[in-house]
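Worksheet: one structure, shown below.
The values are calculated or read from the model by the stated rules, or taken from the named source; none is laboratory data. Just so it is clear, the structure is predicted and the values come from calculations on it, not from any experiment. Glycine gets a Cβ as well: all are built from the backbone with ideal geometry, and neighbour counts include every protein chain shown.
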Amino acid sequence: MVPEFNDKVFSMKVGTVSEPVKTQFGFHVIYLEDKKAKKKLAFTEVKSFIEQRLKLEKFKVVMQAKMLKLKNKATIK
């Protein structure tokens, strides 16, 4: 989840509706239906999630560098 959304959800009480929350994806109104107790997960349960997250972070860094390089080469008027 994006930080703005995440922060709002975890500060809410069950059965409440949030004020509009702005994220990079737009505005959201959140209804918190239920909360589950946190639990510790085994590495095997989260391994694929961690791999996907690391790949996405690396991709973002590479793309930002590529966009900056293209921007520096471009003639912007």
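The condition of being within 24 Å of Asn6 (Cα to Cα), loosely packed, with under 10 Cβ neighbours inside 10 Å and of a type in the set (Gly, Ala, Ser) holds for Ala37.
Going by what's in this entry, would Lys66 be described as over 19 Å from Asn6 (Cβ atoms), among the basic types (Lys, Arg), modelled with pLDDT of 95 or more and not in a strand (DSSP E or B)? Taking the combined requirement at face value, the residue satisfies it.
When you scan region 47-54, do you find a residue that is surrounded by fewer than 10 Cβ atoms within 10 Å (Cβ to Cβ), under 20 Å from the mean Cα position of the chain (by Cα) and without any contact (Cβ under 8 Å) to a residue 24 or more places away in the chain, even just one? Yes. Just for region 31-63: of the residues that are among the hydroxyl-bearing types (Ser, Thr, Tyr) and assigned to a helix (DSSP H, G or I), which one is nearest to Val17 (Cα to Cα)? Among residues in region 31-63 that are among the hydroxyl-bearing types (Ser, Thr, Tyr) and assigned to a helix (DSSP H, G or I), the one nearest to Val17 (Cα to Cα) is Ser48.
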